[in-house]
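Undergrad: Quick one: the structure is below, and I'll ask about it shortly.
The values are calculated or read from the model by the stated rules, or taken from the named source; none is laboratory data. Bear in mind the structure is a predicted one, so any value in this text is a computation, not a measurement. Heads up, the Cβs are rebuilt from the backbone with ideal geometry, glycines too, and the neighbour counts pull from every protein chain shown. What goes into the accessible areas is simple: the full protein's heavy atoms, side chains included, and nothing from ligands, DNA or RNA. Shrake-Rupley method; radii C 1.70, N 1.55, O 1.52, S 1.80 Å.
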Amino acid sequence: MMKVWTRRDVAKVGLGGVAAVAMGLRVPQIAGAQAPPLEQKDTYVIGYPQTDENNPWRIAQTNSVRSEIEARGWTVEYRNAQESTQQQLADVASLIAARVDAIFLPPREETPLAQAVLQAYQAGIPVFCLDRDVDQNIVQAGEEYVCFIGSDFYQEGARAAEWLARTTGGNAQIIELFGTTGATAAIDRSRGFVDYLAGTYTPANPESATAATPAPPASAFTGMTIIASQTGNFIRDEGRQVFETLYQANPGATAVYAHNDEMALGAIAALEAQGKVPGQDVIVVSVDGSRDALQAIIDGKLGATVECSPFFGPVACDTLVAYAAGEPVPTQIINTDRFFDASNAAEFIDSAY
Ligand code: AHR
């Protein structure tokens, strides 16, 4: 079985030791954790090991990254792990072997992919984590990798909870459709939602707070209960099937919190198949801001969606250029996201993906 390396292991045996054992390579000893430097060049080869292309959000993310890289005359080495963490690990290994200049990594799961970051670090290839992050007990931004660029998932969960509590008058029996187990997007969206309802939420990134950032609630919402929670893997049809089963077991459910729009749309389809009226019999709230979700809001089926922007191309490439130039790069670059509900979905649908 593959050993899972921790920061303590690295400190004990040195990075050369870790890599020699984990990768079967003989490598020079590196004295401390500092993200590998990047030479300033006119053109770069960027490794982009995508998690999957199964939903509009992922497709929009890939289009954004790919088109920005190509517009700059750089090259993208694209891989598609097709929802497999093992495949994404293999994809990162192949990009390391191909000696790409840098890797834009959307980690499917935070802990296994931290090992991939460690391997890239050992190979001297800078990694920029895009959209999801890796396990900070194993590797850290500014040390083994350059930075995390993405949304504040914890705040997304709190924003969904705040809307649901306000809309239901603080009374709801909630089914939660969880994202991919082990993904930071799912872990933190759940935590933010749960903490908000428990009255314990405080913004994790006050520096990126906007007028939309929910204030910590004055107290717990005792009438709001999560009655069932299960993963639908961020996939529409899996969300539909999982919701169908959970709703049969919990017919008293009055609300759905889905960790992304695709699973929310799956739940809406399941409700309609059972003769229920989504938006009336059961209130649905989710995260992303896709075109289908905005249309569902206009149709009155989806209550609201917290935006999670997939447009990473420009910010990722600008950050890489700044890093290569030796400019200070923040370890966390947090997107500022909007919120869509019945008041503005029609205004933004034409620009949605
Ligand atoms: O990590 C971001 C999430 O991943 C998006 O919300 C989801 O749609 C995607 O698969």
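Undergrad: For segment 153-171, give me each residue that is of a type outside the set (D, E, K, R) and surrounded by fewer than 24 Cβ atoms within 10 Å (Cβ to Cβ).
TA: The answer is 154, 163, 165, 167, 168, 169, 170, 171.
Undergrad: Within the set of pairs 6 or more residues apart or between chains, which connect a residue that is in contact (Cβ under 8 Å) with a residue 60 or more places away in the chain and away from the ligand (no atom under 16 Å from the Cβ) inside segment 253-281 to a residue that is of a type in the set (A, V, I, L, M, F, W, C) and open to solvent by 30 Å² or more (accessible area, probe 1.4 Å) with Cβ atoms less than 9 Å apart?
TA: Qualifying pairs under 9 Å: 253/227; 254/283; 255/283.
Undergrad: Follow-up question, since we're still on this one. Test residue 215 against the stated conditions and say whether it is open to solvent by less than 20 Å² (accessible area, probe 1.4 Å), hydrophobic (A, V, I, L, M, F, W, C) and in the same structural domain as residue 280 (by TED's automatic domain parsing).
TA: In short, no.
Undergrad: Applying the selection to segment 131-170, what residues are closer than 28 Å to residue 222 by Cα, in contact (Cβ under 8 Å) with a residue 60 or more places away in the chain and more than 13 Å from the ligand (Cβ to nearest atom)?
TA: 159, 161, 163, 164, 167, 168
Undergrad: Check 293, 304, 269 and return the single one that is in contact with a Lys or Arg (Cβ under 8 Å, 6 or more places away or on another chain), open to solvent by less than 60 Å² (accessible area, probe 1.4 Å) and modelled with pLDDT of 95 or more.
TA: Step by step, each of 293, 304, 269 is checked, and only 269 is in contact with a Lys or Arg (Cβ under 8 Å, 6 or more places away or on another chain), open to solvent by less than 60 Å² (accessible area, probe 1.4 Å) and modelled with pLDDT of 95 or more.
Undergrad: If we scan segment 183-204, do we find a residue that is open to solvent by less than 20 Å² (accessible area, probe 1.4 Å), farther than 14 Å from residue 286 by Cα and within 16 Å of the ligand (Cβ to nearest atom)?
TA: Within segment 183-204 (the criterion being open to solvent by less than 20 Å² (accessible area, probe 1.4 Å), farther than 14 Å from residue 286 by Cα and within 16 Å of the ligand (Cβ to nearest atom)), the answer is yes, since at least one residue qualifies.
Undergrad: Assess whether residue 180 counts as being within 16 Å of the ligand (Cβ to nearest atom), of a type in the set (Val, Ile, Thr), outside the structural domain of residue 83 (by TED's automatic domain parsing) and open to solvent by less than 20 Å² (accessible area, probe 1.4 Å).
TA: yes
Undergrad: Looking at (1) crowded, with 24+ Cβ neighbours inside 10 Å; (2) within 15 Å of the ligand (Cβ to nearest atom), can you tell me which one residue 243 breaks?
TA: Condition not satisfied by residue 243: (2).
Undergrad: Something else: Please work out which residue is most open to solvent (accessible area, probe 1.4 Å), limiting yourself to segment 84-131 and to residues that are in a loop (DSSP other than H, G, I, E, B) and more than 22 Å from residue 57 (Cβ to Cβ).
TA: If we take residues in segment 84-131 being in a loop (DSSP other than H, G, I, E, B) and more than 22 Å from residue 57 (Cβ to Cβ), then 99 is most open to solvent (accessible area, probe 1.4 Å).
Undergrad: Consider residue 245 carefully, then state whether it is β-branched (Val, Ile, Thr) and over 25 Å from residue 182 (Cα atoms).
TA: In short, no.
Undergrad: Quick check: is even one residue across segment 43-55 loosely packed, with under 13 Cβ neighbours inside 10 Å, at pLDDT 50 or above and either more than 16 Å from the ligand (Cβ to nearest atom) or in a loop (DSSP other than H, G, I, E, B) (or both)?
TA: Within segment 43-55, one or more residues are loosely packed, with under 13 Cβ neighbours inside 10 Å, at pLDDT 50 or above and either more than 16 Å from the ligand (Cβ to nearest atom) or in a loop (DSSP other than H, G, I, E, B) (or both).
Undergrad: Any residue at all in segment 80-88 that is of a type in the set (S, T, N, Q), free of Cβ contacts under 8 Å to residues at least 40 places away in the same chain and under 26 Å from residue 33 (Cα atoms)?
TA: yes
Undergrad: Quick one: in segment 56-83, of everything that is open to solvent by 10 Å² or more (accessible area, probe 1.4 Å) and part of a loop (DSSP other than H, G, I, E, B), which residue is nearest to the ligand (Cβ to nearest atom)?
TA: 83
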